[in-house]
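Inspection log for the structure reproduced underneath, given as structure tokens.
The values are calculated or read from the model by the stated rules, or taken from the named source; none is laboratory data. The shown structure was predicted, so the numbers you read here are calculated from the model rather than taken from an experiment. Please note: Cβ atoms are built from the backbone with ideal geometry, for glycine as well, and neighbour counts cover all protein chains shown.
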Amino acid sequence: MLAEESPSAAAQTPPVSTTLPEVSVKANREKETGINPTQSITTISSQELQRLQPSNIFDAVRSVPGVSISGGPRPSGMTFSIRGYSDSEDVMVKVDGVPKGFEKYRMGGTFIEPELLKSIEVQRGPQISSGSGSLGGTIIATTKNAADLLQPGQRYGAKVKFGYGNNNDEYSRSYMVYGRPDDRLDILYNYSNRQSKDMELGNGTILESSAVASVSKLLKFSVFPTDSLEFVTSLVSFDDKGLQPYDATGGQPGTFGNVVRAIDDQTWSETIYFRPDTRFIDLKVAFGGGHTKLQDTMAPGMSSLNGPERNCDGLIWRPNPSLTRNCHGNLNDYYTYKTRSMDITNTSHFVNGPWFKFSTLFGYQYNENKRDIERFYDNQTYVMQTALYPNGFNASAPPGSKSFHAFYVQPRFEFGQFSMMPGYRVDEYLVEADGGTLGLLAPYKQANKILFTRDSLSLGLAYEVLPRNNPEKLTLYSNYGQGFRPPLIDEYFTQGPFSRCLRTSVNIPGITMVNGQASGICGDLYKPQTSASAEIGVSYLNPNLWNTGTFLSGKLNLFHIDTENLLLSLRENADGSITQDGYEKRNGVEFETFLQYKAFYLRSAYSRTSGKLFDGSSFVPLYTVPGNALNLNFGTQLSEQVEVNLTYRKVWDRNVIIGGGGISSPLVFGTQDGYQIWNANLRWQPSKHLAFRVVGENLRNEEYRLDSAMGGLGIFAQGRNIKFFVELTY
């Protein structure tokens, strides 16, 4: 697929158009609409984020075609779904260039307040610069800096924002200070705090354990030693604690009940831009890392993982207090995830003639994600601690690490109005087991490291139908891209009831094996899941439609995706052979437009996805994709002080699992009803220092279900919510 620079990078240097020599036309085209003319990329600007006032980053992208949200409605239980790829490992998320996310059973992993963000770029489908872990696409979030907020001639500024939501009695506040004390320095600091009670659903019931208590911070500073050199440092932190379901992406607490969950998430990044006065160097170096520390505490009786205790007062056994090993107390899970990454890109322009242009993008990426997991009872001398979790080791959630090196190259050829961009990428992956898993593998001499290399190809073609100097643009394009997803540490090295390689005397296809690995750990029986995506489309831009001053931009995109070696299809067949030959075929339509006439604007998006799924033994409905969706957003500036907008969202029925799934019970499929949602937004700014905003969400108090992350019936969504905001700017 074609690679595209982030909006922040595009703002720093003139972008190289895929098909247009007039750089300014393309820049305005994307600045005004957020619609990329030749790729499946949509950018949500800071202006759009201000209009939407989303409660979280997931709400901010719901209206992008091909995008939906799985899990929820708690932010910790939400995951992005792009073209129906809803697992957190299928959609890559980056914050200021650093990949985010981690492996944990049924939990989301994107923790950042939208108040901190300048823009969100949504890439649908694999891109040459994203690589593995992006079968569905990539979410690229860029944080704010002082230059985005300062008024002309202003050196320092501050902004205070207070909010209240009536549905769950939510209070939010944000404090921001920023400045450019010197032309060579840009500094911003933001503190955000959000506190709420449990939310009320559309049917009037209270969703237990849905309260929020989070704090976010951003410190960002940029240094410009010379006109061609820039250093940007970003530090983002997020803290949250409260009662939540163990299965965060599911509905009401299920088998594993509730936990008290504490999250400490931090990300740091350093980005260097070097753009000397030569066409051969346009260098960007981004490196960074971070950690996510998570603790789940389960009191006795709160979860099936830690049943109720009789005759215990805390850790004291009432019948005989001298017996100190009889009461276990709380069960605690400790997760520590550490991420390190580096991303180096350079674009060289070798030929820049009036008819022929030739440039090449070179890139290198490195990423390492390591996780340590421990499970302890409060009473570590409890008689079953060593038997169940020796030294804190839980075989169902093995510790380990995953890392990769990748190189890619993407030349760009432009012949008049035609452009071509082939691409090649090679990834070398290493997945390693650690901790107690090593002791489980050693007796069977089974490898504790999985190493493999994967090549990926891409190709982008585009043709400008109208002359290049015509302000009206009509572009035909086609893109092809390959992607893959390596198995998780959990999939490679889990032992026990959650392993697909569980050894039994009788083979139950898709659940247990007789001839699998003697350890019961799958290891290299798994192959990476692969995909090939092809799309064709047409985009249109007219800055003066019918000579009326109406600005129109739109795009129609058709795609087809083949996904093979489905990880869920690993199984031992009746003849003893072990295969992973499940596949999916998806076909989709995505349509988006932006129309503006004077102070009025209309943004629309429509998407639909269909196809078939072979799970390794039979064809089943494609229950992994969302329902077809239509989004309309209409707004206007009534005066210099008053702005209003109205949003309509319609989602059609979708296929879901409604039953079955046990050892002797086949899956039963049904439908989840569609729904219609209305939101509204009113902003009044009586002075340049003071602004008020009222946001109405789910105004009809619709009772509807969100998409479940596991393909079943989703949980009911939040009911009507009226939010009030006051902004003070200096």
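Which of the helices (runs of 4 or more DSSP H) contained wholly in the range 2-91 include at least 1 residues that are of a type outside the set (Gly, Ala, Ser), out of contact with any strand residue (DSSP E or B) (no Cβ under 6 Å at 6 or more places or on another chain) and at pLDDT 80 or above?
Hits in the range 2-91: 46-52, 57-60.
Is the range 578-594 home to any residue that is among the polar types (S, T, N, Q) and in a loop (DSSP other than H, G, I, E, B)?
Yes, some residue in the range 578-594 is among the polar types (S, T, N, Q) and in a loop (DSSP other than H, G, I, E, B).
Before we move on, is Asn168 assigned to a loop (DSSP other than H, G, I, E, B), closer than 18 Å to Pro54 by Cβ and either among the β-branched types (Val, Ile, Thr) or touching a strand residue (DSSP E or B) at 6+ places or on another chain (Cβ under 9 Å) (or both)?
yes
Count, please, the residues in the range 398-422 that happen to be part of a loop (DSSP other than H, G, I, E, B) and either surrounded by fewer than 21 Cβ atoms within 10 Å (Cβ to Cβ) or β-branched (Val, Ile, Thr) (or both).
Final tally of qualifying residues: 2.
Could you please find all residues in the range 283-296 being closer than 25 Å to Pro245 by Cβ and surrounded by fewer than 19 Cβ atoms within 10 Å (Cβ to Cβ)?
His291, Lys293, Gln295
Going through Tyr623, Tyr648 one at a time, which residue ends up being modelled with pLDDT of 95 or more, under 22 Å from Glu703 (Cα atoms) and among the hydroxyl-bearing types (Ser, Thr, Tyr)?
Tyr648
Residues to consider are Asn557, Asn470, Asn507; find the one that is of a type in the set (S, T, N, Q), under 27 Å from Thr43 (Cα atoms), in a loop (DSSP other than H, G, I, E, B) and out of contact with any Leu (no Cβ under 8 Å at 6 or more places or on another chain).
It is Asn470.
Just to be sure before I move on: is Thr360 closer than 30 Å to Asn469 by Cβ, hydroxyl-bearing (Ser, Thr, Tyr), touching a strand residue (DSSP E or B) at 6+ places or on another chain (Cβ under 7 Å) and touching a residue at least 60 places away in the same chain (Cβ under 8 Å) in the structure I sent?
Here the answer is no, as Thr360 does not meet what is asked.
Select from the range 202-218 the residues that are within 22 Å of the chain's Cα centre (by Cα) and either in a strand (DSSP E or B) or modelled with pLDDT of 90 or more (or both) and write down the one among them that is farthest from Asp186 (Cα to Cα).
Here the residue is Ala213.
Which one is surrounded by the most Cβ atoms within 10 Å (Cβ to Cβ), of the residues in the range 484-501 that are hydrophobic (A, V, I, L, M, F, W, C) and not in a strand (DSSP E or B)?
For the range 484-501, the residue satisfying everything is Phe493.
Keeping to the range 333-375, report how many residues are of a type in the set (Phe, Trp, Tyr) and surrounded by 18 or more Cβ atoms within 10 Å (Cβ to Cβ).
Counting residues in the range 333-375 that are of a type in the set (Phe, Trp, Tyr) and surrounded by 18 or more Cβ atoms within 10 Å (Cβ to Cβ) gives 2.
Determine which member of the set Asp186, Asp198 is surrounded by 14 or more Cβ atoms within 10 Å (Cβ to Cβ), assigned to a loop (DSSP other than H, G, I, E, B) and without any contact (Cβ under 8 Å) to a residue 60 or more places away in the chain.
Asp198
If you check Gly523 against the conditions, is it over 17 Å from Ser604 (Cβ atoms) and over 23 Å from the mean Cα position of the chain (by Cα)?
Yes.
Quick check, is Leu706 hydrophobic (A, V, I, L, M, F, W, C) and surrounded by fewer than 19 Cβ atoms within 10 Å (Cβ to Cβ)?
no
Every residue, every condition in (1) free of Cβ contacts under 8 Å to residues at least 24 places away in the same chain; (2) farther than 19 Å from Ser499 by Cα; (3) among the hydroxyl-bearing types (Ser, Thr, Tyr); (4) touching a Lys or Arg at 6+ places or on another chain (Cβ under 8 Å), yes or no:
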residue: Pro399; (1), (2), (3), (4): no, no, no, yes
residue: Arg412; (1), (2), (3), (4): no, yes, no, yes
residue: Arg425; (1), (2), (3), (4): no, yes, no, no
residue: Leu440; (1), (2), (3), (4): no, no, no, no
residue: Pro443; (1), (2), (3), (4): no, no, no, no
residue: Val465; (1), (2), (3), (4): no, yes, no, no
